[in-house]
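Trainee: Quick one: the structure is below, and I'll ask about it shortly.
The values are calculated or read from the model by the stated rules, or taken from the named source; none is laboratory data. Predicted, not measured: the structure shown is a model, and the values here were computed from it. All Cβ positions, glycine included, derive from the backbone under ideal geometry; neighbour counts span all protein chains shown.
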């Protein structure tokens, strides 16, 4: 019986990891476009702001 309990604990652990990973991936896919657009705007601000403040623009 001890071997069966060990196998069940291992399967339960792996199932919990898979469920957590699935939830994380779903959250990332749900907000992917918003995150990409926000990241693009922030990176453009970091690139263009120094040029603007230096007077080269």
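Trainee: Looking at this structure, is residue 3 over 24 Å from the mean Cα position of the chain (by Cα) and at pLDDT 90 or above?
Mentor: On the way: over 24 Å from the mean Cα position of the chain (by Cα): yes; at pLDDT 90 or above: no.
Answer is no for this residue.
Trainee: Oh, and also: For the stretch 27-40, give me each residue that is surrounded by 10 or more Cβ atoms within 10 Å (Cβ to Cβ) and part of a helix (DSSP H, G or I).
Mentor: Result: 27, 28, 30, 32, 35, 36, 37, 38, 39, 40.
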